[in-house]
Amino acid sequence: MFISEILIKLGKWLLGLDRSYKRAFVILIDGLICIVSVWVAFSLRLGVWDLGSGPMAQYMIIALALWLPIFLLSNIYRAIFRFAGSGTLMGIAKAMFSYTVILVIIVGFLTITGVPRTIAILHPTIFFAGLALSRIVMRYFLVDIMNNYGYHGTQKNIIIYGAGSAGQQLAASLRAEPSMHLIGFIDDNSNLAGQRLNGKPVYANHELETMVKKYQVSDILLALPSVQKSVEKSIIAKLSNIGVKVQKLPSLSKIVSGNITISDLREVSIEDLLGRSSVEADDKLMCEAVDGKIVLVTGAGGSIGGELCRQIMTCKPKQLILAEISELALYTIHQELRDSQIGGSDIEIVEQLVNVADRAQMVRLYRKCKPEIVFHAAAYKHVPLVEANPLSGIRNNIFGTLNTALEAEAAGVPNFILISTDKAVRPTNVMGTTKRICELILQAIVARGSKTNFSMVRFGNVLGSSGSVVPRFMNQIKAGGPVTLTDKRITRYFMTIPEAAQLVVQAAGMAKGGEVFLLDMGESVRIIDLAKSMVSLSGRSVKSEENPDGDIEIVEIGLRPGEKLYEELLIGNDPKATDHKQIMKANETYIEWDELQIMLASLEEHLVAGKAKPAVSVLKNIVPEFAVPAKT
């Protein structure tokens with residue numbers, strides 16, 4: 001016990017030294033190892049363990065004079081002992097090779113009386129062994145001993161899922177984390193079961209639950225960066241039933257670099273839970289619509305609008321116009337896009353603080369900027385808010401789209417893409433109905449004849465967008481619950497924001513006019529299953545009648561006004577395929593422009609008069625399928 005206390009104090013003293021003093025200490029130790037290795041080499045070669053001789057002293061001076069400059073030039077003393085590994089030893093080996101070559105030349109061609117030529121090989125070999133041993137011993141001392149005896153906090157028992165290269169790198173990094181104790185590895189390869197890696201056992205995947213219970217494991221670290229999304233999804237689903245916190249490693253490129261640290265771990269995301277495999281963008285379609293053109297994005301500061309801007313920037317437009325009503329949102333996206341260009345491209349970015357519902361502002365915008373393609377993403381999209389403020393939703397969504405579209409036509413803009421939503425299909429709320437009317441406006445303009453190609457892209461929920469259920473669940477879990485769910489039967493389609501934005505830009509490349517493009521959203525997800533998985537993967541358990549001692553309760557609070565149990569993308573039943581496997585075209589009926597104009601004029605009268613109920617009645621006339629969902 002006394003010895004361990006001395007070692008801990010010595011370790012703390014070494015770790016507390018200034019960087020320059022630590023380097024001087026290491027150089028001093030290496031110098032002593034060099035001297036001892038010369039003595040050992042001479043003694044082994046001559047068979048006499050003499051304390052010193054003239055030839056030995058001469059050779060020792062040459063060895064010391066060569067060693068320090070070569071090692072300093074090779075940056076050997078910039079390495080950190082606590083993280084010494086194969087890379088450190090390889091660096092020493094390279095420096096030692098140069099050292100040996102020069103010694104061989106000196107001893108071989110400049111004959112030194114009493115110094116055998118083989119010393120130039122024997123001494124560097126012993127010297128390298130001593131240096132390697134010193135690094136190994138010092139790392140063991142600073143990491144293992146200091147962690148085991150110098151740490152007095154709470155230790156988490158950890159299991160690494162994946163015994164490949166990534167898992168081994170992660171295990172090596174864990175050695176420097178005293179708060180984490182690695183129990184072993186789990187791997188799906190049954191041939192590895194029973195073996196040991198870095199002194200830790202490898203277990204078969206069917207032993208996972210047993211090991212978690214036996215060793216009270218609190219965290220599982222996924223080290224499977226190259227596994228297919230479908231396989232990862234099944235593994236995460238299995239882990240979500242165990243009740244441990246799950247974290248995962250980043251992309252494969254990070255693994256290849258060999259620089260994995262604990263800080264690289266991240267929480268399992270909703271994308272991981274859904275297991276959606278990202279689809280490679282079609283480069284031709286991706287940039288065909290915007291390359292070298294003046295592009296206008298309305299609602300540029302929103303979730304979808306902002307990501308559209310990012311994707312469009314990769315296609316090198318001539319100019320990108322950011323139209324946004326929110327000063328803060330416009331400032332934020334403009335700063336981000338401008339900063340992303342530092343040292344790179346010189347795309348002109350123009351910020352315009354405008355309200356699309358103001359016709360005069362849109363006239364001025366088109367005259368000033370002369371866009372060649374418009375992505376209209378500006379809209380109020382939060383169902384409960386628009387339900388409570390129908391006139392604001394009607395003004396912004398319907399008349400904002402009408403103004404933006406008609407002025408685009410008047411200005412001779414070649415292409416116009418409307419960002420729509422699955423809530424426009426058989427809508428049960430004002431927001432969805434306004435978006436369906438936006439679609440009808442464009443369809444009617446196309447039908448009456450227009451030189452502008454008007455098209456629409458319709459898709460479902462995007463992960464991480466403002467108002468998304470996922471960040472709300474995450475915040476509720478962090479706060480200790482409860483997690484609030486409107487209805488346990490609710491299902492939704494999900495897609496990542498970058499994926500949705502990429503597909504929108506690619507759809508624009510296929511637009512000929514009048515199309516309603518539908519994005520393939522994959523399989524629908526039960527929101528209650530999503531909530532349960534998020535709770536379990538955070539390392540907590542769901543509190544229920546079956547598990548009254550659980551950590552977080554999932555509470556059903558009832559459907560919000562206008563909320564549907566499930567969403568749809570199609571009004572009809574005959575979608576058409578396109579050149580992109582994740583983009584389809586709908587074939588839907590529309591209202592003639594003259595008839596639609598009359599209804600829009602009536603709607604505008606109620607809007608100006610501030611009469612919400614008559615305005616909503618007009619919405620029902622325009623979209624007969626608009627119906628408030630029945631209470632269940």
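A count restricted to segment 20-43 and to residues that are open to solvent by 80 Å² or more (accessible area, probe 1.4 Å) and small (Gly, Ala, Ser) stands at 0. Are any of the residues in segment 624-632 within 30 Å of Thr486 (Cα to Cα), buried (at least 18 other Cβ atoms within 10 Å of the Cβ) and modelled with pLDDT under 95? Within segment 624-632, one or more residues are within 30 Å of Thr486 (Cα to Cα), buried (at least 18 other Cβ atoms within 10 Å of the Cβ) and modelled with pLDDT under 95.
Results for (1) modelled with pLDDT of 95 or more; (2) of a type in the set (Asp, Glu); (3) touching a helix residue (DSSP H, G or I) at 6+ places or on another chain (Cβ under 9 Å); (4) farther than 18 Å from Leu607 by Cα, shown as yes or no for each residue.
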{"residue": "Asn397", "(1), (2), (3), (4)": "yes, no, yes, no"}
{"residue": "Glu407", "(1), (2), (3), (4)": "yes, yes, yes, yes"}
{"residue": "Ile417", "(1), (2), (3), (4)": "no, no, yes, yes"}
{"residue": "Val425", "(1), (2), (3), (4)": "no, no, yes, yes"}
{"residue": "Asn429", "(1), (2), (3), (4)": "no, no, yes, no"}
{"residue": "Glu439", "(1), (2), (3), (4)": "no, yes, yes, yes"}
{"residue": "Val446", "(1), (2), (3), (4)": "no, no, no, yes"}
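Among the listed residues Lys478, Lys423, identify the single one that is within 29 Å of the chain's Cα centre (by Cα) and within 22 Å of Val386 (Cα to Cα).
Lys423
Of the residues making up segment 200-210, those that are in contact with a Gly (Cβ under 8 Å, 6 or more places away or on another chain) and open to solvent by 10 Å² or more (accessible area, probe 1.4 Å) are Lys200, Pro201, Tyr203. Just one residue in the set Phe127, Phe71 is in a helix (DSSP H, G or I), touching a Ser or Thr at 6+ places or on another chain (Cβ under 6 Å), at pLDDT 75 or above and open to solvent by less than 40 Å² (accessible area, probe 1.4 Å); that residue is Phe127.
Filtering segment 245-261 down to residues that are open to solvent by 50 Å² or more (accessible area, probe 1.4 Å) and modelled with pLDDT under 75, which residue is nearest to Ala171 (Cα to Cα)?
For segment 245-261, the residue satisfying everything is Thr261.
Quick one: in segment 216-244, which of the residues that are of a type in the set (Gly, Ala, Ser) and at pLDDT 80 or above is surrounded by the fewest Cβ atoms within 10 Å (Cβ to Cβ)? Selected residue: Ser218. As a summary of the residue check, Met456 satisfies the conditions (1) at pLDDT 85 or above; (2) assigned to a helix (DSSP H, G or I); (3) buried (at least 21 other Cβ atoms within 10 Å of the Cβ); (4) among the aliphatic types (A, V, I, L, M) except for the one numbered (2). Just one of (1) closer than 30 Å to Arg560 by Cβ; (2) crowded, with 17+ Cβ neighbours inside 10 Å; (3) not hydroxyl-bearing (Ser, Thr, Tyr) trips up Glu327, so point out which. Unmet condition: (2). Counting only residues that are modelled with pLDDT of 85 or more and touching a Gly at 6+ places or on another chain (Cβ under 6 Å), segment 1-43 holds 2 of them. Looking only at segment 330-377, count how many residues are in contact (Cβ under 8 Å) with a residue 24 or more places away in the chain, among the polar types (S, T, N, Q) and within 22 Å of Leu418 (Cα to Cα). Selection size over segment 330-377: 2. Taking segment 264-302 as the search range and keeping residues that are out of contact with any Gly (no Cβ under 9 Å at 6 or more places or on another chain) and among the hydrophobic types (A, V, I, L, M, F, W, C), which one is modelled with the lowest pLDDT? Checked segment 264-302; the qualifying residue modelled with the lowest pLDDT is Val279.
Are any of the residues in segment 421-441 part of a loop (DSSP other than H, G, I, E, B), of a type in the set (Ser, Thr, Tyr) and open to solvent by 40 Å² or more (accessible area, probe 1.4 Å)? For segment 421-441, residues part of a loop (DSSP other than H, G, I, E, B), of a type in the set (Ser, Thr, Tyr) and open to solvent by 40 Å² or more (accessible area, probe 1.4 Å): absent.
Per this entry, Leu518 is not counted among residues that are closer than 17 Å to His376 by Cα, assigned to a helix (DSSP H, G or I) and of a type in the set (A, V, I, L, M).
Note on segment 341-357: among residues that are modelled with pLDDT under 90 and out of contact with any helix residue (DSSP H, G or I) (no Cβ under 7 Å at 6 or more places or on another chain), the one that is nearest to Glu407 (Cα to Cα) is Asp346. Just checking, does segment 559-566 include any residue being in a loop (DSSP other than H, G, I, E, B), open to solvent by 30 Å² or more (accessible area, probe 1.4 Å), modelled with pLDDT of 75 or more and out of contact with any helix residue (DSSP H, G or I) (no Cβ under 9 Å at 6 or more places or on another chain)? Yes, that holds for at least one residue. For segment 322-351, what are the residues that are in a helix (DSSP H, G or I) and hydrophobic (A, V, I, L, M, F, W, C)? Leu328, Ala329, Leu330, Ile333, Leu337, listed by residue number. Counting just the residues of segment 352-409 that are of a type in the set (Gly, Ala, Ser) and not in a loop (DSSP other than H, G, I, E, B), which one comes out most open to solvent (accessible area, probe 1.4 Å)? So, considering only residues that are of a type in the set (Gly, Ala, Ser) and not in a loop (DSSP other than H, G, I, E, B), the one most open to solvent (accessible area, probe 1.4 Å) is Ala388. Tell me, please, whether a residue that is over 38 Å from the mean Cα position of the chain (by Cα) and modelled with pLDDT under 90 can be found in segment 601-622. Scanning segment 601-622, I find no residue that is over 38 Å from the mean Cα position of the chain (by Cα) and modelled with pLDDT under 90, so the answer is no.
Would you mind stating whether Ala424 is touching a strand residue (DSSP E or B) at 6+ places or on another chain (Cβ under 9 Å), in contact (Cβ under 8 Å) with a residue 12 or more places away in the chain and under 20 Å from Thr589 (Cα atoms)? Considered against the rule, which asks whether it is touching a strand residue (DSSP E or B) at 6+ places or on another chain (Cβ under 9 Å), in contact (Cβ under 8 Å) with a residue 12 or more places away in the chain and under 20 Å from Thr589 (Cα atoms), Ala424 comes out as yes. Going residue by residue through segment 44-53, is there one that turns out to be over 44 Å from the mean Cα position of the chain (by Cα), surrounded by 13 or more Cβ atoms within 10 Å (Cβ to Cβ) and modelled with pLDDT under 75? So far as segment 44-53 goes, yes, one or more of its residues are over 44 Å from the mean Cα position of the chain (by Cα), surrounded by 13 or more Cβ atoms within 10 Å (Cβ to Cβ) and modelled with pLDDT under 75.
Being open to solvent by 70 Å² or more (accessible area, probe 1.4 Å) and at pLDDT 85 or above holds for only one residue in Ile158, Ile121, Ile183, Ile136, and it is Ile121.
Considering only residues that are within 23 Å of Gly460 (Cβ to Cβ), open to solvent by less than 30 Å² (accessible area, probe 1.4 Å) and hydrophobic (A, V, I, L, M, F, W, C), which ones fall in segment 581-621?
First, the residues of segment 581-621 that are within 23 Å of Gly460 (Cβ to Cβ): 581-590, 619.
Those left that are additionally open to solvent by less than 30 Å² (accessible area, probe 1.4 Å): 582-583, 586, 588, 619.
Scanning segment 581-621 gives Ile583, Ala586, Leu619.
Would you mind stating whether Asp487 is touching a strand residue (DSSP E or B) at 6+ places or on another chain (Cβ under 8 Å), at pLDDT 80 or above and open to solvent by 20 Å² or more (accessible area, probe 1.4 Å)? For Asp487, the condition - touching a strand residue (DSSP E or B) at 6+ places or on another chain (Cβ under 8 Å), at pLDDT 80 or above and open to solvent by 20 Å² or more (accessible area, probe 1.4 Å) - is not met.
The values are calculated or read from the model by the stated rules, or taken from the named source; none is laboratory data. Keep in mind it's a predicted model, so treat the numbers as computed, not measured. Backbone-built Cβ (ideal geometry, glycine too); neighbour counts: all protein chains shown. Just so you know, the surface numbers come from the protein's heavy atoms only, side chains and all, with ligands and any DNA or RNA stripped out. Shrake-Rupley method; radii C 1.70, N 1.55, O 1.52, S 1.80 Å.
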